[in-house]
1. Kindly put LEU265, LEU343 in sequence by how many other C-beta atoms sit within 10 Å of each C-beta, fewest to most.
2. Would you tally the net charge around ASP309, using a Cβ to Cβ cut-off of less than 15 Å, leaving ASP309 out, and scoring K and R as +1, D and E as -1?
3. Taking the chain as the reference, fit the longest principal axis to its C-alpha atoms, fit the long axis of helix 333-343 to the helix C-alpha atoms, and give the angle between the two in degrees, 0 to 90, nearest 10.
4. Which of VAL254, VAL318, VAL160 moves the most in a Gaussian network model of the chain with Cα springs under 10 Å?
5. Taking H placed 1.01 Å from N in the peptide plane, check which residues at least 5 places from ILE317 or on another chain put their amide H under 5 Å from its amide H.
6. Distance from a point 7 Å along Cα→Cβ of GLN14 to each backbone N in the range 197-236: keep the residues under 20 Å and list them by number.
7. Report the local net charge at ALA100: Lys and Arg +1, Asp and Glu -1, summed over other residues whose C-beta lies under 13 Å from its C-beta.
8. Please give the length that would be gained between ASN148 and GLU112 if that part of the chain were fully extended, namely 0.36 nm times their separation in residues minus their C-alpha to C-alpha distance (nm, one decimal).
Amino acid sequence: MSSASAAPAYQGRQITVTEHLLLHQKQSPAATGIFTRLLYDLILAAKLIARSVNKAGLLDVLGGTGEVNVQGENVQKLDEYANRILIHRMQRSGALCCMASEENADIIPIPERFSKGDYILIFDPLDGSSNIDVNINVGTIFSILRRNSPAEQDVVADDVLQPGYKQVAAGYVLYGPSTMLVYTTGQGVHAFTLDPSVGEFLLSHADLRIPEQGKIYSVNEGNTSFWDEATALTVANFKGKANPRGKPYTHRYVGSLVADFHRTLFYGGIFMYPLDYKNPEHPKGKLRLMCEAAPMAFLAEQAGGLATDGTRRILDIVPESLHVRVPLYIGSRKDVEHVMGRLRQ
């Protein structure tokens with residue numbers, strides 16, 4: 001099985017996220033009262049975003065704003081809304097010293113009028129938002145760090161530009177047929193499903209584990225002509241028999257990292273976004289290290305999987321800048337190891 005339903009200790013009980021965090025407080029150094037408050041405010045923001053996503057066809061929130069973000073991408077109305085909601089809610093939490101968003105070029109300071117803490121929140125407010133117009137799953141990805149510098153000093157770049165293995169917590173909220181929160185504090189991966197009748201995220205899957213080997217590969221094959229030969233042959237290998245399964249894998253690709261990773265987490269297999277040569281002089285990855293690759297890598301490893309850029313463990317990469325991008329290969333241990341072995345040949 002790819003995942004565990006609610007563990008025996010929880011059977012017959014409806015455990016909320018906050019209750020679950022408190023139950024594990026002794027085992028998790030991150031689960032302080034301040035951290036619990038931080039997570040509560042993050043969950044509230046997610047509920048507000050979920051409400052708008054679920055009404056996207058009825059409200060004037062579809063389509064683009066006409067603006068371009070720091071990534072050079074067209075900003076969707078729901079992107080802007082989700083970003084605004086997260087900043088508004090989280091700057092009031094009293095737990096953060098700063099934030100960073102995919103949509104903002106620079107670090108987002110906490111206004112002086114609000115209390116501050118030692119945590120740093122990095123997020124992609126609405127991953128896959130271009131899919132909203134056609135009613136495909138999207139999500140919010142988040143990463144939580146602790147600052148390195150003393151609390152009485154101003155936040156510096158080194159407080160934010162930390163490698164992924166230093167994350168205190170990471171996760172995502174998937175807005176789909178049901179709204180799910182999947183997160184880790186370094187003590188396994190747990191999933192909670194929003195019960196709209198009571199307005200609470202209830203534990204639905206405890207201690208999720210990625211199958212050691214899957215049967216699905218996920219990649220945008222429309223980019224094949226922009227890959228180097230080793231990458232193209234590695235991806236093609238999943239269509240033949242000289243792979244861990246000994247037979248062809250099934251191809252699935254949504255184009256929303258949250259949706260593709262969520263499927264991989266539950267069913268196993270591998271998600272790939274390789275280095276591409278669309279600009280031959282400056283080949284690069286697509287996904288942002290700090291708000292996409294690192295939090296997903298933390299989840300993958302906590303669930304027994306692996307995440308690499310092809311040569312390096314994602315969680316070991318020290319970001320050079322806030323919006324640095326990396327290639328990503330993530331999923332079942334055997335499938336990721338197979339890719340790494342082929343790329344190193």
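A short reminder: the numbers here are calculations on the coordinates, not readings from a lab. It should be emphasised that the depicted structure is a prediction, and the values quoted were computed from it without experimental measurement. Neighbour counts run over all protein chains shown; Cβ positions are idealised from the backbone, glycine included.
1. LEU343, LEU265
2. Details: positive: LYS284, LYS286, ARG288, ARG312, ARG313, ARG325, ARG342, ARG344; negative: ASP228, ASP276, GLU292, GLU301, ASP316, GLU320, GLU337.
Its environment carries a net charge of +1.
3. So the helix axis and the longest Cα principal axis differ by about 60 degrees.
4. So, out of VAL254, VAL318, VAL160, the one fluctuating most is VAL318.
5. GLY164
6. Only 197-206 fall inside the zone, counting backbone N under 20 Å.
7. Here the charged neighbours net out to -4.
8. Result for the pair: 11.0 nm of gain on full extension.
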